[in-house]
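Engineer: One structure is given below, represented as structure tokens, and several questions about it will come after.
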Amino acid sequence: MKVYVLRLGHRVQRDHRVTTHCALVARAFGADGLFFTGDRDTSIIISVQDIINRWGGPFEIAYIPNWRVWLKKKVRDGFEVMHLTMYGRPVNKVINNIKRSKKDKLIIIGAEKVPGEVYEIARHNVSITLQPHSEVAALAVFLDRLFNGKELEKKFTTPELVIMPQFRGKKVKRVGKK
């Protein structure tokens with residue numbers, strides 16, 4: 001099962017750090033890639049690709065100029081669409097149905113106001129809480145629930161650097177070439 005994240009409405013002047021963090025969370029918590037729309041921002045792709053190069057992959061990162069066309073194609077390709085929104089049904093009520101489906105998953109998170117049609121396209125509109133919250137936190141919680149915590153043990157291929165767990169302090173081991 002593939003799991004992708006679609007970040008809608010990235011704004012260069014406002015969202016660089018948050019969109020980057022969405023990509024980092026998506027990668028670290030088991031998604032196969034993040035695609036973003038809105039303003040074209042190659043610095044996001046460069047930053048995330050640098051993380052992939054140093055800490056391992058695979059992970060896809062790309063800008064999507066026309067999200068409606070791209071999303072409709074993913075639906076035709078059989079992807080099950082989830083939209084993370086505080087207005088959705090509580091994650092605890094829907095996560096078991098989502099996990100039972102073996103379809104590839106597409107998780108939509110917004111930057112700016114999400115168009116109403118996304119609520120209609122999504123198979124599941126999912127809330128992590130029924131309160132305002134961060135899309136970064138919502139994505140982390142959702143992916144953790146989706147993968148039952150197993151994503152925390154994921155091993156990435158061809159890393160240059162690997163963290164060596166320590167009781168105190170920090171230890172990073174160089175395992176690849178640079």
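The values are calculated or read from the model by the stated rules, or taken from the named source; none is laboratory data. Just so it is clear, the model here is predicted, and its values are computed rather than measured. Here the Cβ positions follow ideal geometry from the backbone for every residue, glycine too, while neighbour counts run over all protein chains shown.
Engineer: Please give the number of the condition His83 fails out of (1) surrounded by fewer than 20 Cβ atoms within 10 Å (Cβ to Cβ); (2) touching a strand residue (DSSP E or B) at 6+ places or on another chain (Cβ under 9 Å); (3) not small (Gly, Ala, Ser).
Structural biologist: Among (1) surrounded by fewer than 20 Cβ atoms within 10 Å (Cβ to Cβ); (2) touching a strand residue (DSSP E or B) at 6+ places or on another chain (Cβ under 9 Å); (3) not small (Gly, Ala, Ser), the lone unmet condition for His83 is (1).
Engineer: Does Gly116 qualify as being of a type in the set (Gly, Ala, Ser), under 14 Å from Tyr4 (Cα atoms) and out of contact with any helix residue (DSSP H, G or I) (no Cβ under 7 Å at 6 or more places or on another chain)?
Structural biologist: No: the conditions fail for Gly116.
Engineer: Take the residues in the stretch 50-80 that are surrounded by fewer than 12 Cβ atoms within 10 Å (Cβ to Cβ) and acidic (Asp, Glu); name whichever of them is farthest from Leu146 (Cα to Cα).
Structural biologist: Residue satisfying both the conditions and the ranking: Asp50.
Engineer: If you don't mind, there's one more thing I want to ask. Here are Ile52, Ile45: which of them is of a type in the set (A, V, I, L, M), under 20 Å from Gly110 (Cβ atoms) and not in a loop (DSSP other than H, G, I, E, B)?
Structural biologist: The unique qualifying residue is Ile45.
Engineer: Quick check on my filter: what residues within the stretch 1-42 are modelled with pLDDT of 95 or more, out of contact with any His (no Cβ under 8 Å at 6 or more places or on another chain) and part of a strand (DSSP E or B)?
Structural biologist: Of everything in the stretch 1-42, those that are modelled with pLDDT of 95 or more, out of contact with any His (no Cβ under 8 Å at 6 or more places or on another chain) and part of a strand (DSSP E or B) turn out to be Val3, Tyr4, Val5, Leu6, Arg7, Leu8, Gly33, Leu34, Phe35.
Engineer: State whether one or more residues within the stretch 142-163 are of a type outside the set (Ser, Thr, Tyr), closer than 22 Å to His10 by Cα, in a helix (DSSP H, G or I) and at pLDDT 95 or above.
Structural biologist: Yes: the stretch 142-163 contains one or more residues that are of a type outside the set (Ser, Thr, Tyr), closer than 22 Å to His10 by Cα, in a helix (DSSP H, G or I) and at pLDDT 95 or above.
Engineer: Right, here's the next one. Do you know which residues across the stretch 121-157 are surrounded by 13 or more Cβ atoms within 10 Å (Cβ to Cβ), of a type in the set (Val, Ile, Thr) and within 23 Å of Arg54 (Cα to Cα)?
Structural biologist: The answer is Val136, and nothing else.
Engineer: Where in the stretch 58-136 are there strands (runs of 3 or more DSSP E), lying wholly inside it, with at least 3 residues that are of a type outside the set (A, V, I, L, M, F, W, C)?
Structural biologist: 80-90, 124-127
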